[in-house]
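To start, the structure itself, in structure tokens.
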Amino acid sequence: MATLRHSYIAGVGHYVPSRVVTNAELEPLMNTSDAWIQERTGIQERRWFEEGKDTTANMGANAARKALEMASVEANDVQMIVFATLSPDYFFPGSGVLLQRELGISNNCPALDVRNQCSGFVYALSVADQFIRTGMYDTVLVVGSEIHSSGLDKSPEGRGVSVIFGDGAGAVVLRPSTTEGQGILSTHLHAQGEFAEELIVKEPGSNRDNRADYVVANKQDLYPYMNGQNVFKHAVVRFPQVIKEALEQNGYQSTDVDMLIPHQANLRITQYVQQKMGLTDDKVFSNIQRYGNTTAASVPIALSEAVQAGKIKRGDLVCLAAFGSGFTWASALIKW
Ligand SMILES: CC(C)(COP(=O)(O)OP(=O)(O)OC[C@H]1O[C@@H](n2cnc3c(N)ncnc32)[C@H](O)[C@@H]1OP(=O)(O)O)[C@@H](O)C(=O)NCCC(=O)NCCS
């Protein structure tokens, strides 16, 4: 059998809404404090979308345009869209087709939606990578985009969850690598449905005699619920585990990593992982301070900023890793 080809990230871009919401702005709404939020999560501010301007699909499209430009790829040359989000524009259809329309892609390429929350982007990247490896497609657009702020409980009851999440989008263009040893070396995906309800938005669920009536009477179930301590406990185990799995498969050690881009879940989780892997500050990228947790958008936003800042160079060993609702977790090891 011929050796499968690798894919590489030919372009990356991100978009965040212009509205900055500081911790101080949340204080009167949620009976919280800047000190509490910073101490527990590292977050200083996040972005909230503007109704009538930003949508999950058009934020994704804004990020995608930048990624396409960097890759020197025309929108109509995209052969597949993989769109990761937990906050789609509609219950159905998925946001992938809306992004296709928004970008003016008229070639009838497939649009696949991925529902894996904080691990969504790494899952989506892995899906796209498989299509390129097998030779089915040469150009795949992978997008992560989220609008959390319209679905958060902004009262004191919601403070344990609502201070964490923010809005934003990121995208990459995958193409077949033409350089031996360059590109996505491997991806690793996991899930443990036993903990499905530990981080959840329950409604609108389909298992009701009448969804609309149920939602009207149980409005609080439209808000996210999180067992924060349990999520934390599993995250600090799964992150190092799935990173180690990627490194071992490719014959590397943690000290070989030039840049770790973890899902921006919580700065404390990232610091724990960094310490466990023995990585110096310059080898771990964090921007949660400015954006909060943007779920499926967090890894591509961070990757895009790291590339823009010149922190990732050709030949660097880059590791993406994520953990979140499901529970799901995933990693991707890339020779840049
Ligand atoms: C969410 C998280 C920061 C909460 O921290 P914690 O130490 O577990 O806090 P607890 O939920 O035990 O609450 C501790 C106290 O702070 C209070 N509290 C919770 N949220 C608060 C807020 N935003 N502001 C002020 N006080 C708050 C609680 O009411 C509780 O008060 P009490 O002791 O008087 O009852 C932490 O659990 C966490 O980071 N978990 C992982 C979350 C995550 O990464 N999610 C994304 C996964 S992809």
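So the values come out like this:
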read-out	value
Listed residues Asp129, Asp138, Asp281, most fluctuating in the chain (Gaussian network, C-alpha, under 10 Å)	Asp281
Over the range 7-176, relative contact order from alpha-carbon pairs under 8 Å, at least 6 apart, %	35 percent
For the chain, with +1 on Lys and Arg beta carbons and -1 on Asp and Glu, the positive-most of Cys118, Ser145, Phe131 along the dipole	Phe131
Contact order relative to length of the range 183-335, as percent, for alpha carbon pairs under 8 angstrom and 6 or more apart	37 percent
log₁₀ of I(q)/I(0) at q = 0.14, 0.15 Å⁻¹ - the chain, Debye sum with one point per alpha carbon	-1.09, -1.25
Label-point gap, in nm, between Val20 and Gln192 - each point 7 angstrom along Cα→Cβ	3.9 nm
Calculated from backbone phi, Karplus (6.51, -1.76, 1.60) coupling profile of the range 288-299 in Hz, x at Gly/Pro	4, 4, 9, 10, x, 9, 9, 6, 5, 8, 5, 5
Rg ratio (alpha-carbon, reference 2.2 N^0.38 Å) - the range 7-176	1.11
3J(HN,Hα) from dihedral phi, the range 72-79, Karplus parametrisation 6.51/-1.76/1.60, rounded to Hz, x for glycine, proline	6, 10, 6, 3, 6, 8, 5, 9
Relative contact order for the range 31-97, counting Cα pairs under 8 Å that sit 6 or more residues apart, in percent	27 percent
Net charge dipole size for the chain [Lys, Arg +1 and Asp, Glu -1 on Cβ; Debye, nearest 20]	440 debye
Set of aspartates and glutamates with alpha-carbon distance to Lys283 below 15 Å, sequence-local pairs under 8 removed	Asp256, Asp258, Glu305, Asp316
Restraint check, Lys53/Lys219; Lys154/Lys276; Lys66/Lys233; Lys53/Lys335; Lys233/Lys335; Lys154/Lys311, Cα-Cα greater than 32 Å	Lys154/Lys276; Lys66/Lys233; Lys53/Lys335; Lys154/Lys311
Inter-label distance, nm, simple model (7 Å from Cα along the C-beta direction), Arg40/Asn227	1.7 nm
Translational D in µm²/s for the range 183-335 (Stokes-Einstein at 25 °C, 0.890 mPa s, Kirkwood Rh from C-alpha pairs)	147 µm²/s
Unit Cα scatterers, Debye sum, the range 58-135: log10 I(q)/I(0) for q = 0.26 Å⁻¹	-1.45
Distance (nanometres) between label positions extended 7 Å along Cα→Cβ at Asn107 and Thr134	1.9 nm
Distance from the range 189-268 to the range 101-130 (C-alpha centre basis), Å	19 Å
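Quick note: the coordinates plus some simple rules give every number you see, no bench work behind them. Since this is a predicted model, take the numbers as computed values, not measurements. FYI the Cβ positions are ideal-geometry reconstructions off the backbone, even for glycines, and counts take in every protein chain you see.
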